[in-house]
Amino acid sequence: MAQILAPSSQWQMRIAKNSAPASPMTAKMWSSLVLKQNKKGTAKSSAKFRVFAVKSESGTINRMEDLLNLDLTPYTNNFIAEYIWIGGSGIDLRSKSRTISKPIEHPSELPKWNYDGSSTGQAPGEDSEVILYPQAIFKDPFRGGNNILVMCDTYTPQGEPIPTNKRHRAAEIFSNKKVVDEVPWFGIEQEYTLLQRDVKWPLGWPVGGYPGPQGPYYCGAGADKSFGRDISDAHYKACLYAGINVSGTNGEVMPGQWEYQVGPSVGIDAGDHIWISRYILERITEQAGVVLSLDPKPIEGDWNGAGCHTNYSTKTMREEGGYEAIKKAILNLSLRHKEHISAYGEGNERRLTGKHETASIDTFSWGVANRGCSIRVGRETEKQGKGYLEDRRPASNMDPYVVTALLAETTILYEPTLEAEALAAQKLSMNV
């Protein structure tokens, strides 16, 4: 993960009536991608992005693009809010749009909304209404202007969180005074795989075949090593535009696989930023005609899986003498290994095999600079005697609300018995 000195403050957005309009990203941007190389176009520049005017077969410019690029700010104070929520599978993202007629400064000023939960696997047909509560606001990189993306969580009409609403429980943990006082930082490394749309095979791979062995692809450059860089770069810029605390990106070990890093973020912000970054990535791959996969092991065999390594620290860990607090946290994590594994993503057993830079799913382990362990501690942290730990167990499809809250709960709120601690320390050969 790219090193960051400190997290940004919680992002808040003000909608200004006379703010300068920003240029949205449209489908024109993707004419250079692999699946659209047969299309020719001419470029025209805007204030923020280079946009491609794609010609139709008749040679006329697609007028729909002109409508998509319309700047509404000179004509109306209204703007568009895209309400986003997590669907019934716990990993799918849904959204719908509504017009907002007055400036807002905080999510609580936005109206609640509802949707048909029977169509998302979250409610029965005879009582299908689910209520959306706006929780976090980001700028909309697709529509530009004053338009916004709104991360929501989900409730029954009676105000109870529905079972798939993991944000509610996470917010409770992060509002606990002991947790607040420790100011938990998270840096999350989101890996993902790009698939060809019609064959569901990794981008850049021969259909039904395999590329050369792993080795030249990690952080590689060149048409025979890097597949999907346009998508990765577009996503990086769109996240920065939106206000997401994205800190870097790189090509991964398996060809067609990429990673971006979000953080450090404090508390509940980490989950909000990861989910909105995933939504933006879904939208960009949609426009590119490529399928986004968060499967933790998309290709069986001698190929790396996809994880979501979570770097974590508390105030005590970052202060002088913090290495002892890191070791204490590792002891606690070892005692709740099964609870964490059960919450770290579906299909993770196919990834955590003890091979391809993973630890075995059945055994907890830790080490300094060891990427084959459950928990890795960096050399610099050991040298400085303070810093952070990296939990390498979460899968790429993990719920960041669940993982971040569980880390805080286990390392700050969980209090094992002295006997359990002693046994765990002996097992891990750790002096605490």
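The values are calculated or read from the model by the stated rules, or taken from the named source; none is laboratory data. For clarity, every value in this text was computed on a predicted model and none was experimentally measured. Neighbour counts run over all protein chains shown; Cβ positions are idealised from the backbone, glycine included. Ligands, DNA and RNA are stripped out before the accessible areas are found, and what is left, the full protein with its side chains, is counted by its heavy atoms. Shrake-Rupley method; radii C 1.70, N 1.55, O 1.52, S 1.80 Å.
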For this session: Determine whether the stretch 283-303 contains at least one residue that is part of a strand (DSSP E or B) and open to solvent by 20 Å² or more (accessible area, probe 1.4 Å).
Result: yes
Problem set entry | the stretch 342-363: number of residues that are closer than 21 Å to Leu423 by Cβ and open to solvent by less than 30 Å² (accessible area, probe 1.4 Å) | 1
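Tell me which residues, restricted to the stretch 304-337, are in a loop (DSSP other than H, G, I, E, B) and charged (D, E, K, R).
Glu319, Glu320, Arg336
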Exercise. Between a first residue in the stretch 95-112 that is without any contact (Cβ under 8 Å) to a residue 40 or more places away in the chain and a second residue that is open to solvent by 40 Å² or more (accessible area, probe 1.4 Å) and of a type outside the set (Val, Ile, Thr), which pairs have beta carbons less than 6 Å apart while being 6 or more apart in sequence or on different chains?
Worked result: Thr99/Asn78; Ser101/Asn78; Lys112/Tyr133
For this session: Filter the stretch 383-432 for residues that are open to solvent by 10 Å² or more (accessible area, probe 1.4 Å) and β-branched (Val, Ile, Thr) and give the result.
Result: Val402, Thr411, Ile412, Thr417, Val432
For this session: Considering each of Gly204, Gly215, Gly208 in turn, give the residue that is modelled with pLDDT under 95, over 30 Å from Met151 (Cβ atoms) and open to solvent by 30 Å² or more (accessible area, probe 1.4 Å).
Result: Gly208
Seminar exercise, completed: Going through the stretch 210-238 in order, the residues found to be touching a helix residue (DSSP H, G or I) at 6+ places or on another chain (Cβ under 9 Å) and touching a residue at least 60 places away in the same chain (Cβ under 8 Å) are Phe227, Gly228, Asp230, Ile231, Ala234, Ala238
Exercise. Which one is nearest to Leu72 (Cα to Cα) among residues in the stretch 115-155 that are open to solvent by 40 Å² or more (accessible area, probe 1.4 Å) and among the hydroxyl-bearing types (Ser, Thr, Tyr)?
Worked result: Tyr133
Exercise. Going through the stretch 156-167 one residue at a time, which ones are under 18 Å from Ser89 (Cβ atoms) and open to solvent by 30 Å² or more (accessible area, probe 1.4 Å)?
Worked result: Pro161, Pro163, Thr164, Lys166
Problem set entry | Residue match in the stretch 321-336 (condition: among the small types (Gly, Ala, Ser), on the phi < 0 side of the Ramachandran plot, open to solvent by 10 Å² or more (accessible area, probe 1.4 Å) and modelled with pLDDT of 95 or more) | yes
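Does Gly387 qualify as being in contact with a Ser or Thr (Cβ under 7 Å, 6 or more places away or on another chain) and of a type outside the set (A, V, I, L, M)?
Yes: the conditions hold for Gly387.
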Seminar exercise, completed: The condition from (1) on the phi < 0 side of the Ramachandran plot; (2) more than 13 Å from the chain's Cα centre (by Cα) that Asp272 misses is numbered (2)
